[in-house]
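The values are calculated or read from the model by the stated rules, or taken from the named source; none is laboratory data. Everything quoted here is computed from the prediction, not taken from an experiment. Methodologically, a virtual Cβ is constructed for each residue, glycine included, from the backbone with ideal geometry; neighbour enumeration extends over all protein chains shown. Ligands, DNA and RNA are excluded from the accessible area calculation, which covers all protein heavy atoms including side chains. Shrake-Rupley method; radii C 1.70, N 1.55, O 1.52, S 1.80 Å.
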Amino acid sequence: MKTHAKVVVIGGGVVGASVLYHLTKAGWKDVLLIERAELTSGSTWHAAGGMHTVNGDPNVAKLQQYTINLYKELERISGQSCGVHITGGIMLAGTPARVDWLKMAKARGRYLGMDLELISVDEAAKLFPLMEKKHFLGAMYDPIEGHVDPYGVTHAYAKSAQIGGAEIVRQTRVTDLRQRQDGTWDVITEQGDVHAEHVVNAAGLWAREVGRMVGLELPVLAMEHQYLITGDMPELVGKKEQMHCIDFEGEIYIRQERGGMLMGTYERAGVPWSESTTPWDFGQDLLPNDLERIAPSLEVGFEHFPSLGDAGIKKVVNGPFTFAPDGNPLIGPVKGLKNFWVACGVMAGFSQGGGVGLSLAHWMVDGDPGADVWAMDVARYGDWTTLAYTNAKVRENYSRRFSIRFPNEELPAAQPLRTTPIYEKLQAEHAVFGDYCGFEHPLWFAPSAAEATDIVSWRRSNAHPHVAAECLAVQKTAGLLEISNYGKFEVRGPGAAEWLSRVMANRIPKIGRIVLTPMLNDRGKLIGDFTICRVSEDHFFLIGTYAAEQFYLRWFERSLPPSGVSVRPCAVEYVGLSVAGPNSRALLQSLVREDLSSAAFPFMSFRRVDVGMVPTYMGRVSFTGELGFEMWVTTDYQRALYDLLQKAGRDFGLRSFGGRALNSLRIEKSFGTWAREYRPIYGPHEAGLGRFVDLNKPDFIGRTAALDERAKGGALRLVTFTVDASDADALGDEPIWHDGKTVGWVTSGAYGYRIGQSMALGYVPAAIAGADAGFEIEIIGERRKATPHKAAPVDPQGLLMRT
Ligand SMILES: Cc1cc2nc3c(=O)[nH]c(=O)nc-3n(C[C@H](O)[C@H](O)[C@H](O)COP(=O)(O)OP(=O)(O)OC[C@H]3O[C@@H](n4cnc5c(N)ncnc54)[C@H](O)[C@@H]3O)c2cc1C
C-alpha cells in the first residue's frame with residue numbers, strides 16, 4: 001500500500017467506489033480507496049438494486065437521472081456489466097390523495113425533462129398484469145426505472161476508477177484518523193499509515209464509527225430492511241420482464257427476480273440495527289428474518305398481487321442500511337475539519353450513488369459541487385441531531401417511506417424538543433406548532449384548544465380562515481410574531497467591517513443602520529441572504545436562516561483572517577418578537593421612552609432600545625411589508641417582553657400571528673426566502689436582488705461573476721404571479737407554462753389574504769419574463785391562468801414599511 005495519496009476514500013461500497021471514479025474523472029489521479037474487507041461488504045452486496053428517478057427534491061431527482069444514465073458509461077469504460085434492466089416502472093395509487101400526489105409528481109417531472117405518464121388502472125393492469133385492479137384508482141408510468149446488479153455496479157465504478165489511475169486496497173481497515181497541523185491527515189490502517197491531503201468518509205454502515213475517529217457524531221442510523229423472493233411463477237414464463245412497481249398504500253415495491261418476483265416493504269414497525277455502534281466484525285452477513293414484523297405488509301401485498309401469494313416464498317433477505325433523519329444523503333466538507341469530507345447516509349445507492357460521487361468530486365476538485373446539493377448537504381444538520389433524535393426521526397422516516405407528506409403536515413417524532421421561554425404562553429393562545437431544526441415555532445393560532453390541529457390536505461385547510469384573520473390584523477391593526485428561529489451571528493473586531501464587506505455582496509451599513517445583502521459564491525450564485533445590523537464600529541449583528549447556520553459557518557471559515565474578526569453563532573442566545581402593522585409604532589411608543597417616529601427612528605434603523613424594563617436590540621424592518629419592528633432579547637427577557645406587548649397590545653388590536661400568515665404576507669410583497677427563491681442555482685440579478693449587490697465595491701466574493709450576470713442579464717427571472725386557483729394554492733415545484741409549454745417552476749405559493757387572490761413566485765426564462773399574458777401554473781393536475789406582476793401586488797413602492 002502506498003504511504004502518500006492526495007485522497008483516501010474510506011469504504012468500498014457503491015458510494016465510495018463512485019466517489020473514487022468521479023475523482024479520477026475530475027482529474028485527480030493520486031487517489032486511494034481503502035476497504036476493510038471486499039468491495040460491497042456493507043449494505044451494498046445485499047441491496048435489491050432498484051432504481052428510479054422520482055424524488056421529492058427536484059435537485060436530487062436530477063442527480064438520480066444522472067446516476068441511471070451513468071451505467072452505460074461505466075460499462076463502456078470498465079467492460080464490467082452493471083446488470084442493468086430498464087424495465088420501466090409503475091406507481092400505483094390506492095387513494096384520491098395519492099392520485100393527486102401522482103399528478104403533482106408528474107407535473108414536477110415536466111420541467112425536469114422526465115417522461116412520466118398518468119395512466120388508468122386498466123392501462124396499468126395491461127403493463128403490470130400481476131396487480132388486482134380493484135385496489136387501485138390510478139397509476140403513473142415511468143419508462144426509466146428498473147434494477148441493476150449491486151456487485152456489478154460497484155465493480156464497474158472501481159474498475160473505471162482504476163483505469164483512471166486510482167488504487168484500491170482491500171482487506172485493510174482504517175482504525176484511526178489524525179490530523180496534522182497543516183490540515184492533512186494521517187490515515188492509520190491495519191497495514192500501516194497513509195499520509196493524505198483529503199479524507200472521504202464513505203464508510204456506509206460504519207460512517208458513524210469513522211466520524212467518531214475525528215470527534216464527529218454523524219446523524220445516521222441503520223434500519224433493518226427485508227425483501228423476499230417468491231418461487232418461480234408460471235405467469236412469468238415466456239413473458240418479457242415485469243416492470244418495477246410501487247404500491248404506495250400497500251407500502252411495498254416489487255420487481256422480477258429471475259423466474260419469481262422480489263417484494264420489499266418499508267414496514268410501519270421498522271427496527272433500527274446497532275443503534276449506537278456498528279460491530280466491526282459484521283461482514284457480508286444477513287440479519288435473521290422476521291416475517292412476523294412485515295406480515296401486515298405481506299398480507300396487503302398478497303391481496304393486491306395475488307399470484308405472488310400463490311408462488312410461495314423462496315428466500316428472505318434482511319439487511320441493514322443507513323438513513324439520515326430526512327432520508328437524504330449526507331455529503332460535503334465538514335465545518336472545522338479541514339479536508340475531511342463525508343459521503344454517507346445514502347439510502348438509495350443505485351439511484352443516488354452516481355450523483356453523490358459527481359457532486360462530492362466536483363466539490364473537492366473545484367471547490368464547488370457544481371449543482372444545488374442543499375438537500376444532501378451535511379451542513380443542514382446541527383447539534384440538535386443527537387443519537388436519540390436521529391433514532392426517532394430515522395424510524396419515523398423509514399415507516400413513512402411510502403406515505404404522503406401533506407404540505408400542512410408536521411411529523412411528530414422527536415417533538416417537542418427545543419422550545420423558547422414563551423412556548424407555554426403560545427400554547428395557551430392555541431398555537432399550532434411546526435418543527436424547524438427541532439425548534440417549535442407557531443404556524444397559526446386556532447380559536448380554541450380543540451381546533452388547534454391541522455387537518456392535512458393538498459387544498460386550503462382548516463387553518464385558512466384563521467390565517468386570514470391573522471393577516472387582516474397585520475394589515476389593519478397589529479400582529480405579534482415570534483421570530484426566534486432565525487439564524488443569528490455576532491461579528492466583532494477591528495477587521496469585522498472589512499471582512500463582512502468581502503463576504504457579503506452589499507455595502508456595509510453605518511452605525512445604527514441595517515442593510516439587506518445577498519451572499520454569493522465564487523460563481524456569483526446565491527448562497528445566503530442576510531440582514532446586517534451595525535451596533536458599533538466593530539460590532540455587527542447578522543440575521544439569516546437558522547437551518548443554514550452550519551453551512552454559513554463553514555463558508556465563513558474559508559475567508560476569516562487569523563485575527564481581527566470573530567464570528568459567533570448566537571441563534572439560541574437571542575430570541576425575538578416582531579410587531580407589525582399600522583398600530584405597531586403607537587403600541588411600542590407606549591412602552592418606549594425614545595422617539596420611534598420615522599424622523600427619529602427611520603426604516604432600516606437598528607439600536608439598543610429598552611421596552612419597558614427589557615433591553616432589546618430593535619430593528620425597524622418587517623418581512624410582512626407593513627410598518628414593523630423586530631426586537632431581539634436574550635432568552636431570560638422574552639417572557640417579560642411578550643407579556644408587556646400582549647398587555648399593551650390590547651388597546652391597539654394586537655393579535656398573534658404565525659409562520660403561515662408570514663409566508664402569505666411576504667409572497668404578496670414578492671419577498672423571497674432562502675431555500676425557496678434563493679438557492680445556489682440562481683444569481684442575484686435573476687432573483688431580483690440586483691439592487692442589493694454593490695458593484696461599486698472594488699472587491700467581494702462573486703463580484704466578477706455578478707458583473708457578468710448583470711451584463712448578460714442572467715438566464716432566469718423570478719416572477720410574482722396571481723393565480724386563478726380554486727380551492728388549492730401552489731405550494732412550490734409546480735410547473736409554470738407559457739403558451740402551452742412548460743417554461744419554469746414555482747418556488748413558493750400561498751393564498752394572499754390582503755389582495756384576496758392566490759399567489760405564486762417562480763422562475764421563468766428571462767426572455768419571456770416580461771410577457772403580460774399566456775402564463776399558467778399547474779396545480780394538482782390543472783393548468784390555472786397565472787397573471788405576472790411587474791411589481792409586488794401589495795404596496796409596490798414600499799411606503800407602508802417606511803411610514
Ligand atoms: C435489504 C436491502 C435492500 C436494498 N435495496 C436497495 C435498492 O433496491 N435500491 C437502492 O438504491 N438501494 C437499496 N438498498 C440500499 C443500498 O444498499 C445502499 O444505499 C448502499 O449500499 C449504500 O452504500 P455505501 O457505499 O454508502 O455503504 P456500504 O455498502 O455500507 O459500504 C461501506 C463500505 O465501507 C467499508 N468500511 C467501513 N468502515 C471502514 C473502515 N474503517 N476501513 C475500511 N473500510 C471500511 C465497509 O466494509 C463497506 O464495504 C438496500 C439495502 C438493503 C439492506
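Brief remarks on what is shown
- Enumeration of residues in segment 241-267 that are of a type outside the set (D, E, K, R), within 21 Å of LYS133 (Cβ to Cβ) and in contact with a Lys or Arg (Cβ under 8 Å, 6 or more places away or on another chain): GLN242, MET243, HIS244, CYS245, PHE248, MET261
- Meets criteria (on the phi > 0 side of the Ramachandran plot and not acidic (Asp, Glu)) for GLY774: yes
- Residue ID - nearest to GLN475 (Cα to Cα), chosen from residues in segment 545-579 that are buried (at least 20 other Cβ atoms within 10 Å of the Cβ) and touching a Leu at 6+ places or on another chain (Cβ under 7 Å): VAL579
- Strands (runs of 3 or more DSSP E) contained in segment 724-803 and holding at least 3 residues within 20 Å of LYS669 (Cα to Cα): 741-752, 757-765, 782-789
- Qualifying position, being open to solvent by 20 Å² or more (accessible area, probe 1.4 Å), in contact (Cβ under 8 Å) with a residue 40 or more places away in the chain and more than 8 Å from the ligand (Cβ to nearest atom), among ALA26, ALA37, ALA47: ALA26
- The set of residues in segment 350-377 being within 16 Å of the ligand (Cβ to nearest atom) and touching a Pro at 6+ places or on another chain (Cβ under 8 Å) consists of PHE350, GLN352, VAL356, SER359, LEU360, MET376.
- Residue identified as away from the ligand (no atom under 14 Å from the Cβ) and of a type in the set (Gly, Ala, Ser) among GLY113, GLY83, GLY42: GLY113
- Residue match in segment 190-206 (condition: under 30 Å from LEU298 (Cβ atoms) and within 14 Å of the ligand (Cβ to nearest atom)): yes
- Members of segment 260-269 that are modelled with pLDDT of 95 or more and away from the ligand (no atom under 12 Å from the Cβ): GLY260, MET261
- Any strands (runs of 3 or more DSSP E) falling wholly within segment 141-224 and containing at least 2 residues that are of a type in the set (A, V, I, L, M) and either open to solvent by 20 Å² or more (accessible area, probe 1.4 Å) or free of Cβ contacts under 8 Å to residues at least 60 places away in the same chain (or both): 167-169
- Candidate set: segment 173-196, residues that are touching an Asp or Glu at 6+ places or on another chain (Cβ under 9 Å) and of a type in the set (Asp, Glu); chosen: the one nearest to GLY13 (Cα to Cα): ASP176
- Listing of strands (runs of 3 or more DSSP E) fully contained in segment 516-576 that carry 1 or more residues being closer than 20 Å to ASP372 by Cβ: 526-536, 539-545
- Criterion violated by ALA124 - all others in (1) without any contact (Cβ under 8 Å) to a residue 40 or more places away in the chain; (2) under 30 Å from LEU74 (Cβ atoms); (3) open to solvent by less than 10 Å² (accessible area, probe 1.4 Å) satisfied: (2)
- When restricted to residues that are in contact (Cβ under 8 Å) with a residue 40 or more places away in the chain and either under 15 Å from SER461 (Cβ atoms) or open to solvent by 30 Å² or more (accessible area, probe 1.4 Å) (or both), segment 431-450 contains 7.
- Verdict on ASP115 being within 30 Å of GLU73 (Cβ to Cβ), open to solvent by 20 Å² or more (accessible area, probe 1.4 Å), modelled with pLDDT under 95 and of a type in the set (D, E, K, R): yes
- Matching residues in segment 1-23 - criterion: being more than 13 Å from the ligand (Cβ to nearest atom) and closer than 20 Å to ASP366 by Cα: ALA5, LYS6, VAL7, HIS22, LEU23
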